[in-house]
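What follows is a single structure, written as structure tokens, with notes after it.
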Amino acid sequence: MRVPVTGVGFDAVTMQETVEWIRNSVVDKRLSRFICTGNLDHLVLLDRDHEFRTVYGAADLVLADGAPVVWLSRLSARKDRPPLPERVAGSDLFWEVARLSHDEGLRLFFLGGAPGSVENAAQAVRNRYSNAEIAGVYCPPFETFSDLDEQERILKFIHDARPDILLVGLGAPKQEKWICANLETLRVPVSIGVGGSFEMACGHVQRAPVWMRRNGLEWMFRFVQEPGRLYKRYFVNDVPFLFKAAVATLRNKQTT
């Protein structure tokens, strides 16, 4: 079941159900599927970018990566439409996928990230899960990413590696649009946009303490680390959008 949040459908699944969905999708190799991990910043982008919204509509699984997405679903909940059960963060899903690879031999490919982070993330996975199958990693140059030669190189690396799961850390909406545009060409059972998960996995970016994550304060922890880069995103775009969305959600609930 999909729960609408500001007009965007999110799948009402837990982390455990998500991992099981991924496992089953890898077993059934007939289709190429992809997952979007949506947070508040995605909702802001989706409100402005029609192409991005179309990509979300085509996704096979849409996860509530951010706590505000879950909060908004609770505001709009009714007897016939329960809220999203929990946050399924992409940075946590990264490690669940790594554990799945360790336990069941699934092949992973890491694409994107900041220079050096994807290789270090792969090593971090190997350090924690010694049997994890990292089939390949590649950080494409930002300047030439869109060039035809570079796109062919990326696809060749992935085809040669034959991964079961492709994790793409190119940032939103770039990673989602790229996955959707190349889905059938990729021939990978499951592709997931994971944002900055590579940087977090290898320690280039610190994650907030567990208590902050549980209380929806991870954004504050990240802002303290990178105030210059994140000020506009959080205080100019995200927080005002959240306030307006909450007010609109309550008004709509009262009139239905």
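Data for the structure
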| quantity | calculated |
| --- | --- |
| One residue from VAL224, VAL125, VAL194 being in contact with a Gly (Cβ under 9 Å, 6 or more places away or on another chain) and among the hydrophobic types (A, V, I, L, M, F, W, C) | VAL194 |
| Test result for SER191, touching a residue at least 40 places away in the same chain (Cβ under 8 Å), hydroxyl-bearing (Ser, Thr, Tyr) and either part of a loop (DSSP other than H, G, I, E, B) or in contact with a Phe, Trp or Tyr (Cβ under 9 Å, 6 or more places away or on another chain) (or both) | yes |
| Top-ranked residue of segment 114-140 - restricted to ones that are assigned to a loop (DSSP other than H, G, I, E, B) and at pLDDT 95 or above, ranked as nearest to ASP164 (Cα to Cα) | ALA132 |
| Qualifying positions in segment 40-65 - within 21 Å of PHE221 (Cβ to Cβ) and either of a type in the set (Asp, Glu) or in contact (Cβ under 8 Å) with a residue 60 or more places away in the chain (or both) | LEU40, ASP41, HIS42, LEU43, VAL44, ASP65 |
| PHE221 being modelled with pLDDT under 95 and assigned to a helix (DSSP H, G or I) | yes |
| Pairs with Cβ under 6 Å, 6+ apart, first in segment 74-99 and closer than 15 Å to SER197 by Cβ and in contact (Cβ under 8 Å) with a residue 40 or more places away in the chain, second assigned to a loop (DSSP other than H, G, I, E, B) and of a type in the set (Val, Ile, Thr) | GLY90/VAL194; PHE94/VAL194 |
| Filter result (in a helix (DSSP H, G or I) and either of a type in the set (Gly, Ala, Ser) or in contact with a Pro (Cβ under 7 Å, 6 or more places away or on another chain) (or both)) within segment 141-163 | GLU150, ILE154, ALA161 |
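The values are calculated or read from the model by the stated rules, or taken from the named source; none is laboratory data. Remember, it's a predicted structure, so these values are computed and weren't measured experimentally. Note that we place each Cβ from the backbone using ideal geometry, even for glycine, and neighbour counts take in every protein chain shown.
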